[in-house]
Amino acid sequence: MDTLLLQTPAQLSQHLKALRKRRGLTQAQLAARLGVKQARYAAIESHPETVSTMQLLDVLAALGADVLLRVRSDSNSAPADADW
């Protein structure tokens, strides 16, 4: 599991859970590392679309994961109103 494709919030939820389990951590253990309550981390894991970018990056750092953005090779994949 070196590369995880992320295109939807549901995928992010699945990836966070898989990464946590791969590290052998419970939600409570990861929450303690992040300085939040277990219930808060559970909410992050089940609804990652509700967290700030900073908190998401903190979670990923605690899980030993990096974010890599890659431009799709399909030139038609960008939204029509994208201002690039």
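Only the coordinates and a few stated rules stand behind these numbers; no lab work does. From a predicted model like this one, the values you see are computed outputs, not experimental measurements. All Cβ positions, glycine included, derive from the backbone under ideal geometry; neighbour counts span all protein chains shown.
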Just from its helices, what would the mean residue ellipticity at 222 nm be for the chain, if runs of 4 or more DSSP H residues each count -39500 (n - 2.57) and the sum is divided by every residue, rounded to the nearest 500 deg cm²/dmol? -14500 deg cm²/dmol
Give or take rounding to whole Å, what are the principal axis extents of the alpha carbon atoms in the chain, in descending order? 43, 25, 18
Please identify every one of the trypsin sites (Lys or Arg not before Pro) in the stretch 3-57 that sits in a loop by DSSP and has no more than 16 other beta carbons within 10 Å of its own beta carbon. Arg23, Lys37
Might you report the magnitude of the Cβ-based charge dipole of the chain about its Cα centre, with Lys and Arg at +1 and Asp and Glu at -1, to the nearest 20 debye? 580 debye
The farthest towards the positive end of the charge dipole of the chain, of the residues Leu6, Val59, Gln29, given +1 on Cβ of Lys and Arg and -1 on Cβ of Asp and Glu, is Gln29
Give me the distance in nm between label points sitting 7 Å out from Cα along the Cα-to-Cβ direction at Val71 and Leu4, one decimal. 2.7 nm
